[in-house]
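A short worksheet on the structure shown next.
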Amino acid sequence: MALLSIEGLRVTYPGMQGSLLHVVNGVDLELYAGEVCAVVGESGSGKSQTAMAAMGLLDEQAQVSGVIRFQGNDLVASKAWHGVRGSRIAMVFQDPMSALNPYLTIERQMTEVLMVHKGCSRLDARDRAIKELNHMRIPDAARSIMRYPHEFSGGMRQRVLLAMALLCEPDLLIADEATAALDVTVQAQILQLLKEVRDSHHMSIWIITHDLGVVAALGDRVAVMYAGRIVETGPVQEVFDQPAHPYTQALLEAMPRDDQPLRPIRGQPPSPAAIPPGCPFHPRCPRCFDPCDKEMPRGMSLSGEHKAACHLLSHPQELAS
Ligand code: SF4
């Protein structure tokens, strides 16, 4: 059974003059114990909104429908997020400075997590927090814990956030662009730490990123999102070697390579207020053909876990041309 199972998730916000903003449009996603699943796509594709919905952290104006089942519990129906958020599911955000409270020491922020979720005494919570900071290789953890967030570098702050997220030994860690604001060497260190955490804590990790390099370094499985939908999913190696959806192909071709000019994807992602009919990628797709601007393509299985939603897959003559 999947640790987390999302079925038909839709998230809508009220827009201007009675319009609706469709930010997540029928996402199906499963995460299994011990795997790293990477959700990738351009800004505004719905990656973070899907994760925020799974954490029950969406704005109160958001209208959410669908099923989000965690360890068998439907969180949307039961609204039981308080029992899992921070303890069973933890999240690390992109900007560690804004995720940490600048007015409180790291000790105060970390011990509070254990006192609230685990009922620890302040002393036990402090010992446990220092252990986790050591695990994240924060130098001189017993002294560092008494500092304020601004006294740490960006990479060290991200390690502190990771340590804080791991305090309650969650089953699932969601890392939302957790390395995006870091320089390349620090990014590599954080990715290495995430790998170690997955193995040492036997947890699942859901990475949200627009960086295919991060997916290649860490992911077991990848889900490619566009306009609030998953358009392709499968084992990372298989999707990277044989991308089936033109959007995945375009993302891979847009990756910077030595001695090659950049190949950007033409056009812009659609606004959630005006998602194109049919396949939402059709205005930008170099392979667009007859049914694409009218009919939404259904997800088709290519092999095992590898699936994609593109009309080319059900039109072999177009696919071959
Ligand atoms: Fe392109 Fe059509 Fe496939 Fe959409 S369904 S990605 S427009 S070929």
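The values are calculated or read from the model by the stated rules, or taken from the named source; none is laboratory data. Keep in mind that what you see is a predicted model, and the values were worked out from it rather than measured. Using ideal geometry, Cβ is built from the backbone for each residue, glycine included, and neighbour counts are taken over all protein chains shown. Note: areas computed on protein heavy atoms with side chains; ligands, DNA, RNA excluded. Shrake-Rupley method; radii C 1.70, N 1.55, O 1.52, S 1.80 Å.
Points to keep in mind about this one:
- Considering every alpha-carbon pair of the range 122-182, the percent of pairs per 10 Å bin, from zero through the bin containing the longest distance, is 21, 54, 24, 1.
- Cα long-axis angle, helix 184-201 against the chain (0 to 90 degrees, to the nearest 10): 80 degrees
- Helix-derived mean residue ellipticity, 222 nm - over the chain, DSSP H n ≥ 4, -39500 (n - 2.57), to 500: -9000 deg cm²/dmol
- In a DSSP loop and with at most 13 other Cβ atoms within 10 Å, the trypsin sites (Lys or Arg not before Pro) in the range 266-321 are Arg266, Lys294, Arg298.
- Computed over the chain, relative contact order equals 20 percent, with contacts defined as Cα pairs under 8 Å that lie 6+ residues apart.
- For Cys120, nonlocal amide neighbours, meaning residues 5 or more places apart or on other chains whose placed amide H falls under 5 Å from its own, are Met115.
- Against the chain, whose longest principal axis comes from its Cα atoms, helix 154-166 is set at around 80 degrees.
- Computed from phi, the 3J(HN,Hα) profile of the range 128-133 under the Karplus parametrisation 6.51, -1.76, 1.60 (θ = phi - 60°) reads 5, 5, 5, 4, 5, 5 Hz, with x in place of Gly and Pro.
- FRET efficiency, Ser43 to Phe289 (Cβ-Cβ, R0 25 Å, nearest 0.05): 0.35
- Largest to smallest accessible area among Leu4, Leu251 [probe 1.4 Å]: Leu251, Leu4
- When restricted to Cα atoms, the chain yields an Rg and a Dmax of 20.7, 69 Å, respectively.
- Here's how it looks for Val39: its modeled amide H is under 5 Å from those of Ile207, Ile208, Thr209, Ala223, which are all 5 or more places away or on a different chain.
- Along the axis of the charge dipole computed for the chain (Cβ charges of +1 for Lys and Arg, -1 for Asp and Glu, origin at the Cα centre), the listed residues Pro246, Leu313, Ile89 are led at the positive end by Ile89.
- Considered as an equivalent ellipsoid built on the Cα gyration tensor, the range 212-321 has semi-axes of 22, 18, 14 Å, the largest given first.
- Ordering of 231-238, 113-120, 270-277 by packing [mean C-beta count within 10 Å, highest first]: 231-238, 113-120, 270-277
- Modelled FRET efficiency - R0 30 Å, His150 with Leu57, Cβ distances, 0.05 increments: 0.75
- Applying the criteria of a DSSP loop state and at most 16 other Cβ atoms within 10 Å to the GluC sites (Glu not before Pro) of the range 240-305 yields Glu295, Glu305.
- Normalised by the number of residues in the range 168-321, the average gap of Cα pairs under 8 Å and 6 or more apart makes the relative contact order 17 percent.
- For the range 230-285: rounded, prolate or oblate by the Cα gyration tensor [a/c cutoff 1.5]: oblate
- Contour minus Cα-Cα distance for Ala274 and Ala254 (0.36 nm per residue): 4.7 nm
- Stretching the chain fully between Ser19 and Gln242 yields a gain of 76.4 nm (0.36 nm per residue, less the alpha carbon separation).
- Backbone geometry of the range 259-275 corresponds, through the Karplus equation with coefficients 6.51, -1.76 and 1.60 at θ = phi - 60°, to 3J(HN,Hα) couplings of 6, 10, x, 5, 10, x, 7, 5, x, 10, x, x, 6, x, 8, 8, 6 Hz, x marking Gly and Pro.
- Annotation note: GluC sites (Glu not before Pro) in the range 1-77 located in DSSP loop regions with a Cβ neighbour count of at most 15 within 10 Å are Glu60.
- Under-5 Å amide H pairs with Tyr226, H placed in peptide plane, nonlocal only: Val231
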